[in-house]
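The values are calculated or read from the model by the stated rules, or taken from the named source; none is laboratory data. What you are looking at is a predicted structure, and each value in this text was computed from that prediction instead of being measured. Cβ: placed from backbone, ideal geometry, glycine included. Neighbour counts: every protein chain shown.
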Amino acid sequence: MVAARGRMGQTRLNLKNIGALIADRDPFARGLVAQMLRGFGVTHILIADNGAGAKELLTNNIPDIIFMEGALPDMDTAELITWIRRNPNKALRFQPIIVLSGYTQLKMISQARDAGAHLVVRKPISPQALFDRLAWVAAFDRAFIETPQYSGPDRRFHAIDPPDGEFKRATDEPQSDAKQA
């Protein structure tokens, strides 16, 4: 996905050759998101109604973006995200994952984020909101972190100074002379 600004500052995406996976228990929600994606130009859409179906599809296919429900019927969404992020197929591991949920409780958001989701978006989602999230994922290439405890996009969105203004790691920016005096 490549994001570009069109006339009047509107974001434009060329999604013609993009593949997507939608994993959601609700047939209406799956159809709605699929129809929005088709409207944006996405041509190849895989659909699963649970986590096992998504795993099966992901074993033989590598979509460019993955949408999944925040509460899959047969497994925790975090479990599926972790399976993707720890998958031996490196091409699959780094694909963007957007979690769609009508239940945006802090626990679910934290679990999805901690498992390696790019974004958690509240349902119902409008076409404009879905497009904006796609544009955001396309425009901001976040570094990937792989540790024994976490594999996924860097969760830091902003480069901000420490609260006390003093950097403590050797890799941090050097302190200015004004701060040291």
Quick check on GLY70: is it on the phi > 0 side of the Ramachandran plot and at pLDDT below 95? no
Inspect all residues belonging to region 105-115 and state whether any of them is polar (S, T, N, Q), out of contact with any helix residue (DSSP H, G or I) (no Cβ under 8 Å at 6 or more places or on another chain) and within 24 Å of TYR150 (Cβ to Cβ). yes
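Conditions (1) touching a Pro at 6+ places or on another chain (Cβ under 8 Å); (2) surrounded by fewer than 18 Cβ atoms within 10 Å (Cβ to Cβ), marked per residue:
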| residue | (1), (2) |
| --- | --- |
| MET75 | no, yes |
| GLU79 | no, yes |
| ILE97 | no, no |
| GLY102 | yes, yes |
| GLN105 | no, yes |
| MET108 | no, no |
Counting only residues in region 68-92 that are assigned to a helix (DSSP H, G or I) and in contact with a strand residue (DSSP E or B) (Cβ under 7 Å, 6 or more places away or on another chain), the one nearest to PRO124 (Cα to Cα) is identified as THR77
Between a first residue in region 122-137 that is over 11 Å from THR11 (Cβ atoms) and a second residue that is in a helix (DSSP H, G or I), which pairs have beta carbons less than 6 Å apart while being 6 or more apart in sequence or on different chains? PRO127/MET36; LEU130/MET36
I'd like the full set of residues that are in a strand (DSSP E or B) and at pLDDT 95 or above, limited to region 8-57. GLY19, ALA20, LEU21, ILE22, ALA23, HIS44, ILE45, LEU46, ILE47, ALA48
Give me a count of the residues in region 49-73 that are under 27 Å from ASP141 (Cβ atoms) and surrounded by fewer than 22 Cβ atoms within 10 Å (Cβ to Cβ). 8
So for region 71-78 (the condition being among the polar types (S, T, N, Q) and over 21 Å from LEU37 (Cβ atoms)), does at least one residue qualify? no
Test: residue in region 72-89 that is farther than 20 Å from GLY152 by Cβ and within 18 Å of the chain's Cα centre (by Cα): no
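This table checks each residue for (1) at positive phi; (2) among the charged types (D, E, K, R); (3) modelled with pLDDT under 85.
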| residue | (1), (2), (3) |
| --- | --- |
| VAL120 | no, no, no |
| ALA138 | no, no, no |
| ASP141 | no, yes, yes |
| THR147 | no, no, no |
| ARG156 | no, yes, yes |
| ASP161 | no, yes, yes |
| GLY165 | yes, no, yes |
| ALA178 | no, no, yes |
